[in-house]
Structure formats: structure tokens, C-alpha cells
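Down below is the structure, laid out as C-alpha cells.
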Amino acid sequence: MSQDDDRDLVRRILDGDARAADAFARRWFGPCYAVALAVVRHPQDAQDVAQESLIKALRRLDQLADPGTPGPWIHAIARNTALSHLARARRRGRSVDLDAVTPIPAPAAPDGDEGARLVHALGVLKEHERAVVLLHDLDGLPHAEIATFLGVTETNSRQLLFVARKKLRAVLQPEEAMS
Amino acid sequence: MTDHPIDFSPLDPRRDPDRFDGMIRHVVARGLPPPVSPLTWSLARLFAPGFATALVLALVFGVLAARVPAAGPAPGDGAGTAATATSTGPFAFATWAATGGDDPWSDLDMLRR
């Protein structure tokens, strides 16, 4: 989607166009979910965070400085919302993985649950590595868009993806990674 | 080997399209303010001038009514206080407004006296 498309979408939403809001939510749900999952590392919570982030974004759309490039602004909202979610969970004393920013060893995953196995494996990555690999391999964003969205260079995005995949394969397919 | 994407499909929220559509609808419903229906706009346009006129009239008569007690009998004029309380001030104004009069302007002059 081009900058003009994004700008047009924002303008239509501000005019009250519900279809444009639907298109906006579909366009940005994946990136918000990837960033949220990179922080909270719980798929259901990440979906809740992605929804909350998009609701905030829609309500504050008139504050968006550059309607042609909403990515960095949405990323900031999603990450802040995810961090707030973690903080709330911590205050409630809920058992969540609070070591979301630093890498931790992946614990053994339950057999037969591929989703849980992936979530556990993501624990070996740093938050930025998780975000890049999820944006690229789960959401299918190209490096140029990932770079804009996260505020890193394209080269940095490629390097982070390379490192993230290597680390994940070492956990998910240890035999293959060794060969 | 690191050129191949990791299969994250088990974590993809789009795997359940109905649930995903539900989340999108929830976001749009809560994020976008509800649109004002054309009927509401039509009614607002129809009645807005009337409401505005009524508001101005209420303000004008409110100011006039508020001035009446200040022009009433002097303090200490005990004998006339009870009688004038019903013939002047807000009570008299309300009576006049309810019953009407032949000449509203002379009535208003009387109230001001």
C-alpha cells in the first residue's frame, strides 16, 4: 500500500467512513499483533493488545502527524499498549513471562502443541529479533516496511531476521541446525 | 537454511476467519464514533432555528424578570410587601406569561414599575 493510499484511508476514516476503518484495522492488525506478541509472548493476550491498540489508533487518528506514514505511530501505540498490559498483569500478580525484553532459555514445550512450542522458542530471542521475525515470517511484511514500522534500517532488519531464524532453528530443529 | 521462513501459522490469528472478522468488527465499532443518521440531521436542521429563537426569548425575558424585583418597593415598606409580591416580580411575570395580555409592551412597562 502506497503513502497516498494510507493518506486516503486516514482521510476517509476522519470523514466517518466505516469501510475505511475496517480496511485500516485489517491492514494494521498483523503488525500490531506481531509487536504485541514480541512483547507479551502470549497469543491470546497479543490479540487483545492488538485490538486495544487499533481502537486507540482510530480514536486518536486526528493526532497523526503524517497520515501518509502511519506505521511508526501505530508501532509506538502497539508497543506501549503491550508494555502497559505486562505492567497490569504484573500488578495483578498474574503468572506471565515478565522477561520479555531479555532473552531466556526456551523451556520444554508440551508435545503436540505447535503454537506453544513456537512461543517457547521465541523466548530465546531479544524483543527486536522477535518483532522482525514475526513481522516478516508471520505477517509477510517486506524489509522496507518493517524498517519504517520499527524505525530501523533495512540492513538492520535483514540482520535481525537472519539472527532470529538461526536462533529459532537451533531450538525448533536442533538436529538440522547442527548439520 | 536461514533464508527459509519459520512457519508461524499456528500463531496466526487469521487461521480462524470468523473470529478474526469479529475482532475487526469490534475494533471498528469501538474505534470509530457512531455515524449520525440522516434522520437525526434532518430533525436537527428543522428544529435548530426554533430552538435558537426560544433560547434568545427565554434569555431576554429572564433578564427582564430579574430586573423587576430591584425596581420594587423600598425595604421597610412592610404593609405592601405581601401584596406586591404577587403583583410584581417573577410571580407577576409568570401570571402575565400564562394569561397573556392585550398589549404586552404596556404590561411589561407595568411590571417594571
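Peptide A:24-34 shows a mean partner chain C-beta count of 3 within 10 Å per residue C-beta.
Each of A:K166 and A:A76 was given a label point 7 Å from its Cα along the Cα-to-Cβ line. The distance between the two points is 3.3 nm.
Distance between the 7 Å Cα→Cβ label points at B:L64 and A:S2: 6.5 nm. Distance between the pseudo-spin-label points of A:D66 and B:H26 (7 Å out from Cα toward the beta carbon): 3.2 nm.
Computed from Cα positions, the angle between helix A:18-40 and the longest principal axis of chain A comes to roughly 30 degrees. Taking all C-alpha pairs of chain A, those more than 29 Å from each other amount to 24 percent. Placing unit charges on each Cβ (+1 for Lys and Arg, -1 for Asp and Glu) gives chain A a dipole about its Cα centre, and among A:S157, A:P67, A:H85 the Cα reaching farthest toward its positive end belongs to A:H85.
Note on A:123-136: average number of Cβ atoms from other chains within 10 Å of each residue's Cβ is 1.
Every helix of 4 or more DSSP H residues in chain A counts as -39500 (n - 2.57), and over all residues that averages to -22000 deg cm²/dmol at 222 nm. The Kirkwood hydrodynamic radius of the range A:1-57, based on inverse pair distances between different Cα atoms, is 11.9 Å.
When A:E129, A:E52 are compared by accessible area at a 1.4 angstrom probe, the order from most to least is A:E52, A:E129. Summing +1 for each Lys or Arg and -1 for each Asp or Glu among the other residues whose beta-carbon sits under 14 angstrom from that of A:G16 gives 0. When you filter the trypsin sites (Lys or Arg not before Pro) in the range A:15-80 for DSSP loop state and at most 13 other Cβ atoms inside 10 Å of their Cβ, you are left with A:R60.
The values are calculated or read from the model by the stated rules, or taken from the named source; none is laboratory data. Remember, it's a predicted structure, so these values are computed and weren't measured experimentally. In this analysis, Cβ positions are derived from the backbone assuming ideal geometry, glycine residues included, and neighbour counts consider all displayed protein chains. Just so you know, the surface numbers come from the protein's heavy atoms only, side chains and all, with ligands and any DNA or RNA stripped out. Shrake-Rupley method; radii C 1.70, N 1.55, O 1.52, S 1.80 Å.
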